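Contents: one structure, followed by commentary.
The values are calculated or read from the model by the stated rules, or taken from the named source; none is laboratory data. In this text, all values refer to a predicted model and were calculated from it rather than measured experimentally. FYI the Cβ positions are ideal-geometry reconstructions off the backbone, even for glycines, and counts take in every protein chain you see. Please note that ligands, DNA and RNA were not included when accessible areas were found on the heavy atoms of the full protein model with its side chains. Shrake-Rupley method; radii C 1.70, N 1.55, O 1.52, S 1.80 Å.
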Amino acid sequence: MDALDRKILTELQLDGRLTVTELAARVQLSVSPCHRRLRDLERQGAIRGYRAVVDPVAVGLDFEALVFATLRWEDPGTVAAFEEAVAAIPHVLQAQRLFGEPDYLLRVATTDLAAYQQLYDQQLARLPGVQRLTSTLVMKHVVADRPLPE
C-alpha cells in the first residue's frame, strides 16, 4: 500500500458516497487508475464495506453507557459463549476483548436510563460467565468516527 492508496482510503472515510470521478479528482489521479486502485483495496480487504453513519440521538438512542465486564474463567467455552451472547444483543454497538482486567469493554446505546436498566438486568447481567459488570455513562463524544490516520 502506497501513499496514493492511503489518500484514497482517507477520502473515502471522509465521504463514502464519492463517485469514482470525484475520488479521482480529490487524489489527483485519472478515473481508470483510481477505479483499479479502489477495486484492489476492496479485494485486499482494506475496504471492508460501505455504510451510512447514523446519529444515535436522531433515532432516539439518547443514552450511552460503557460497560466493563469481568468474567469467571471456569472453562474454555466461557469466552466463546460470552462473545456469542454479546453479539446477539442489538443495543451493544461495540464489544472489545481487552488484555488484563476488565476482560471486555461494551459500548451500549438505549433510549434512556430506564431502558438501560432493563437491558442491564434482563440481558447484560445474565451473560454467560459474567463475574462483574461496571458501567460508566458517556457524557459527550469529543472525537467520534475519525478516519484512520494516513
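Compactness of the chain was expressed as the Cα radius of gyration divided by 2.2 N^0.38 Å, which yields 1.35.
Between Phe68 and Glu83, the simple label model (points 7 Å from Cα in the Cβ direction) yields a spacing of 2.2 nm. State the percentage of accessible surface on the chain attributable to carbon and sulfur atoms; use a 1.4 Å probe and exclude ligands, DNA and RNA. Whole-percent figure for carbon plus sulfur exposure: 52.
Rounded to the nearest 10 degrees, the inclination of helix 31-44 to the longest alpha-carbon principal axis of the chain is 30 degrees. With the convex hull drawn over the C-alpha atoms of the stretch 26-80, the volume per residue is 193 Å³.
In order along the stretch 19-25, the phi-based Karplus estimate (6.51 cos²θ - 1.76 cosθ + 1.60, θ = phi - 60°) of 3J(HN,Hα) comes to 6, 4, 5, 5, 4, 4, 5 Hz; Gly and Pro are listed as x.
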